[in-house]
Each structure stands twice: as structure tokens, then as C-alpha cells.
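Everything below concerns the one structure shown next.
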Amino acid sequence: QVQLMESGGGLVQPGGSLRLSCAASVSISSFSVMDWHRQAPGSQREFVARITSGGDTYYATAVKGRFTISSDNTENMIYLQMNSLKPEDTAAYYCRIVHQGVVTWGQGTQVTVSS
């Protein structure tokens, strides 16, 4: 069973940057899809970014040009570099993978953008 552990969240001022990390318990080279999602209080969880096993990346319109998703197969890590953060980026951020048809979520890491 795959386990995911996010880290890197915290409090940052508007315009600042954070790098989120997602550590997988197994090799990520077999994952077909690796995503980041987020959920703000009182809102539904929403898609943020995706990277495929082929290296293709996709972004939500709200974060395109500011966030970058990447992965490191040697370290079994998935990253989300977040720049030019805005208060509306405040949310719990979740890593999600699809492996052999099974969807697995991490426990989430909180990002708060506030002055």
C-alpha cells in the first residue's frame, strides 16, 4: 500500500514562496499520475497541478505561471514550488497519486498566506 507524506507548509507573506514536498513510500516511477490538490475552509477540494509519468505537466488556471510541479524518481519525491503567493492560496494542500488504478491521498499540509 502506498503512503504519502506532505511537508513544507507554513505561514508566508503575500508575494512570498514555499516549496511543498510529498514523500512516497514506494518508487514513484510506476505512478501514472501525481497531483497536488488544495482545500480552503468551507470550500471543496480543488485540483492545483499534475505531472504524469511521461513528464507532462498541467496547472489550474489560478496558479499557472506561479506554481511548478516536479518529481524526483531517485528520491521518490513530488514537489510543488509556489511563488508569488496570494491570500487566496491559503488552504490545506494534498498530494495525490494514481498507482495501479488505486488513488492515494496524503494527509495534507497547511499553507497560510497572510501579512
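Taking only region 32-48 into account, find how many residues are open to solvent by less than 50 Å² (accessible area, probe 1.4 Å), hydrophobic (A, V, I, L, M, F, W, C) and not in a loop (DSSP other than H, G, I, E, B).
Selection size over region 32-48: 4.
Can you name every residue in region 77-115 that is of a type in the set (A, V, I, L, M), in a strand (DSSP E or B) and in contact (Cβ under 8 Å) with a residue 40 or more places away in the chain?
Within region 77-115, Met77, Ile78, Leu80, Met82, Ala91, Ala92, Ile97, Val98, Val102, Val111, Val113 qualify.
Condition first: within 27 Å of Lys86 (Cβ to Cβ) and open to solvent by 60 Å² or more (accessible area, probe 1.4 Å). Now tell me which residues in region 18-31 satisfy that.
Within region 18-31, Arg19 is the sole residue that qualifies.
Being of a type outside the set (Lys, Arg) and in contact with a Ser or Thr (Cβ under 6 Å, 6 or more places away or on another chain) narrows it down to one of Ser25, Ser21, Ser30, Ser70, so name that one.
None of the other options fit; the residue is Ser21.
Return the pair list, or none, for Cβ contacts closer than 8 Å from residues in region 7-31 that are outside any strand (DSSP E or B) to residues that are of a type in the set (Lys, Arg) and open to solvent by 70 Å² or more (accessible area, probe 1.4 Å), at least 6 apart or on different chains.
Note: pairs meeting the criteria are Gly8/Arg19; Pro14/Lys86.
Which residue pairs have Cβ atoms closer than 6 Å, lie 6 or more positions apart in sequence or on different chains, and pair a first residue in region 49-72 that is open to solvent by less than 70 Å² (accessible area, probe 1.4 Å) and part of a loop (DSSP other than H, G, I, E, B) with a second residue that is among the aromatic types (Phe, Trp, Tyr) and at pLDDT 95 or above?
Ala60/Phe47
Would you mind telling me which numbered condition in (1) within 15 Å of the chain's Cα centre (by Cα); (2) farther than 14 Å from Gln81 by Cβ Ile51 fails?
(2)
Restricting to region 78-115, name every residue that is surrounded by fewer than 15 Cβ atoms within 10 Å (Cβ to Cβ) and farther than 18 Å from Glu46 by Cβ.
Asn83, Ser84, Gln100, Gly101, Val102, Ser114, Ser115
The values are calculated or read from the model by the stated rules, or taken from the named source; none is laboratory data. As the structure is a prediction and not an experimental result, all values here were calculated from the model. We place every Cβ from the backbone using ideal geometry, glycine too, and count neighbours over all the protein chains shown. For accessibility, only protein heavy atoms count, side chains too; no ligands or nucleic acids. Shrake-Rupley method; radii C 1.70, N 1.55, O 1.52, S 1.80 Å.
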